[in-house]
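The values are calculated or read from the model by the stated rules, or taken from the named source; none is laboratory data. Everything numeric in this text was worked out from a predicted model, so none of it was measured. FYI the Cβ positions are ideal-geometry reconstructions off the backbone, even for glycines, and counts take in every protein chain you see.
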Amino acid sequence: MSTTHRLLDSHAHLDFADFDHDRDALLTQMQQHCIGGCVLPGVSPEQWPKMRAIAEQYQLPYALGIHPWYLPNELEPAISALTQALDDAVSSSAAKLVALGECGLDKLRAKRMAEQGDADNWMRQLALFERQLQLAEHYQLPLIIHAVQCHGAMLELLAKYRLPRAGVIHGFSGSVEIAQQYWHSGWRLGIGGLLLNPQAKKLRAVVEQLPLAALLVETDAPDMTPVTSDSPRNTPLTILAVIAEIARLRKLSVVQVTEQLSNNAIQLFDY
Ligand SMILES: [Zn+2]
């Protein structure tokens with residue numbers, strides 16, 4: 001089956017140092033399990049060069065963006081670096097730029113940072129995110145979005161921009177109602193290893209009730225290690241268990257689910 005070979009982990013930080021010692025072996029293992037690759041998300045200007053080198057070396061799709069945890073001290077130089085990197089990426093054929101991200105808003109982080117004296121962290125997150133929404137609009141790129149404790153504000157903000165390709169709310173863990181609001185506005189939900197946690201009842205309901213077309217699978221490796229794992233490090237191989245769980249919840253075969261989820265990722269990222 002050709003489609004299963006295109007099976008993509010839609011979110012894995014395989015460029016992080018956690019994988020420096022066994023990246024080659026891991027990619028071989030992924031191929032053996034018909035996982036055709038993963039999307040490498042951008043998190044900061046400092047991280048992009050290594051990520052792009054790894055994307056080129058292994059022919060992996062990647063995204064460019066600034067994560068709210070890597071909030072720059074100065075907004076303007078960071079945005080001009082991003083603009084330059086995007087210009088560079090769209091004119092290069094060495095590896096495929098598939099999205100802008102990961103970017104977004106994290107209210108939990110903002111609260112913690114405010115407690116540590118960074119009172120305007122939330123306002124700076126908002127400013128950084130809005131500039132990235134403008135860039136996604138300009139470059140017509142789908143977005144990979146990190147959204148923690150901020151779905152109301154996020155939905156309102158996304159509606160303000162013309163983003164025909166929309167994107168994915170990565171690592172989704174909200175309610176069915178919120179999931180439906182995103183899906184009805186054209187956004188997909190990134191489902192990861194949290195689904196393997198028996199406590200994750202809200203997420204199970206999302207997977208049971210939303211159309212399969214609304215879902216993408218992802219691992220967020222090396223983080224978000226599922227509770228069922230015996231290794232502290234998460235890897236893209238986890239998507240096999242996530243897909244099996246989706247199939248079980250939907251009472252469909254693994255092959256059917258794999259095919260639909262692969263198509264969703266191909267459609268969104270035009271990969
Ligand atoms: Zn991530």
THR219: passes all of (1) over 24 Å from LEU26 (Cβ atoms); (2) at pLDDT 95 or above but (1)
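Okay, residues lined up against (1) modelled with pLDDT of 95 or more; (2) in contact with a helix residue (DSSP H, G or I) (Cβ under 9 Å, 6 or more places away or on another chain); (3) surrounded by 18 or more Cβ atoms within 10 Å (Cβ to Cβ); (4) more than 28 Å from SER231 (Cβ to Cβ):
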site	(1), (2), (3), (4)
LEU7	no, yes, yes, no
SER44	yes, yes, no, no
ILE54	yes, yes, yes, no
TYR58	yes, yes, no, no
HIS67	yes, no, yes, no
ILE79	yes, yes, yes, yes
Listed by first then second residue, the pairs whose first member lies in the range 148-172 and is within 17 Å of ASN264 (Cβ to Cβ), whose partner is at pLDDT below 95 and within 16 Å of the ligand (Cβ to nearest atom), with beta carbons under 7 Å and at least 6 positions apart or on separate chains, are GLY171/MET224
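Restricting to the range 191-242, name every residue that is among the charged types (D, E, K, R) and not in a helix (DSSP H, G or I).
Within the range 191-242, GLU218, ASP220, ASP223, ASP230, ARG233 meet the criteria.
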Over the range 125-146, the set of residues surrounded by 16 or more Cβ atoms within 10 Å (Cβ to Cβ), touching a residue at least 40 places away in the same chain (Cβ under 8 Å), within 19 Å of TYR70 (Cα to Cα) and out of contact with any His (no Cβ under 8 Å at 6 or more places or on another chain) is GLN125, LEU128, PHE129, ARG131, GLN132, LEU135, LEU143
Filter the range 81-105 for residues that are among the charged types (D, E, K, R) and surrounded by 15 or more Cβ atoms within 10 Å (Cβ to Cβ); the one that is nearest to the ligand (Cβ to nearest atom) is GLU102
